[in-house]
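The structure appears below as structure tokens.
Bear in mind these aren't lab numbers, they're just calculated from the coordinates by the rules spelled out. It should be emphasised that the depicted structure is a prediction, and the values quoted were computed from it without experimental measurement. Note: ideal-geometry Cβ built from the backbone for every residue, glycine included; neighbour counts use all protein chains shown.
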Amino acid sequence: MIDKILEFIKPKRKILILMHNNPDPDTIASGFALKNIFASLQKKRCTLAYHGLIGRAENRELVKLCKIDMHFSLKLNFNRYDCIVVVDTQPTAGNVFIQKNILPNIVIDHHNFRSQTKKADVFDVRKNYGSTSTIVAEYYKKLNLTPDVNTATALFYGIKTDTLGSGRSNSKVDTEMMGYILPNISLNKLAKIENPELPKYYYKNMKKATENAKVVNDLIFCNLEDVRNADLIAETSDFFLRMRDIKWTFVIGKIDNICYFSLRCKSTQRKVGHIALGLVRGIGTGGGHMKSAGGQIPLNDKNYNEIVETVKKRLISKIFGTGEAEEKSL
Ligand SMILES: [Mn+2]
């Protein structure tokens, strides 16, 4: 597939690589590595762009230490590019900002195939891969190219965060590719990315979170109200999930006029992505993988507290099969 992609970009002069909104390590790493393949084989200069926020401290550290040059999509004129690439999502998935009337030329992703993706000139969508970084690492192997230390470190971290411990379905090829690029990574940079310094607002958030948390059987339910960025909701969910005797975490909060939530479960017995979909039925969008899921509910003129109550009722009845459950503070 990489041969087809390289053939396609040969006559192109300006290439734009788009990551998904609020980029995670997988989309950052796969976009960055693809840009470097194009640069080393065809001397192409590509622009890497994203929309939204780089929320987690780990992700900001990745961008800084691996020297990844990323631009805001909103500030670019997409018409000035003759080739547009989308990585780690698909044009109609709803989580990538693309200017009006623009059709991406190349799509590389590992989520469920969307039929509209067929409109792209070249697409490589592999549902059975744990990450897009795995696909791009495989391109390196196929091309017999050695990634430089920043690219290798980013790719390794991209595969790792999307597979290990995330409870997503990952295949042998993910660990194979991690092994393949491991000799080229910087362990020092990786350690720094995985343990970044955290901003004060992270601790302020966790203080509010522990005060607001409610224990319902083996579930922690936490309403954070206003939060600074959507990643804090996922981080709070991970933070509580480590608690002994807790099996489920649900964290909800709002930014501007949108309500975000995160649902986690320690076991893979229950499909949390499916539960998340049920929580937002008729009011928002949601989805996820085996152990982690999330969603958004646009508030418009709806009352935030009423939305929280609705979702909470649905959640408790879905998890415990009953409408009523005793609730305690931490
Ligand atoms: Mn991914």
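Some points to look at:
- Proportion of all alpha-carbon pairs of the chain beyond 29 Å (%): 40 percent
- Sorted ascending by nearby beta carbons within 10 Å, beginning with the fewest, PHE72, PHE32 become PHE72, PHE32.
- Comparing MET177, MET243, MET70 in a Gaussian network model of the chain where C-alpha atoms under 10 Å apart are linked, the largest mean-square fluctuation is found at MET243.
- Euclidean distance of C-alpha centroids, segment 59-91 and segment 215-247, integer Å: 30 Å
- Enclosed volume per residue, in Å³, of the convex hull spanned by Cα atoms of segment 111-162: 89 Å³
- Cα-Cα P(r), segment 203-329, percent of pairs per 5 Å interval: 2, 12, 24, 27, 22, 11, 3, 0
- Using a cutoff of 8 angstrom between alpha carbon atoms and counting only pairs six or more residues apart, the relative contact order for the chain works out to 13 percent.
- Lysines with Cα under 20 Å of LYS271, excluding same-chain neighbours fewer than 8 positions away: LYS127, LYS247, LYS291, LYS312, LYS313, LYS318
- Under 18 Å from the Cα of LYS302 - aspartates and glutamates, other chains or at least 8 residues apart: GLU225, ASP226, ASP256
- Here is the list for segment 61-128: trypsin sites (Lys or Arg not before Pro) lying in DSSP coil, each with at most 12 other C-beta atoms within 10 angstrom of its C-beta, are LYS67, LYS100, LYS127.
- Between the exposed loop cleavage positions of the chain, defined as GluC sites (Glu not before Pro) in a non-H, G, I, E, B DSSP state with at most 12 neighbouring beta-carbon atoms within 10 angstrom, the longest gap is 1-196.
- Residue exposure sequence - ARG45, ARG60 - by fewest surrounding Cβ within 10 Å: ARG45, ARG60
- Label reach from THR210 (point 7 Å along Cα→C-beta): in segment 226-257, amide nitrogens under 17 Å belong to 235-246.
- If the chain linking LYS14 and ARG270 were pulled fully straight, counting 0.36 nm for each residue of separation and taking away their Cα-Cα distance, it would gain 87.6 nm.
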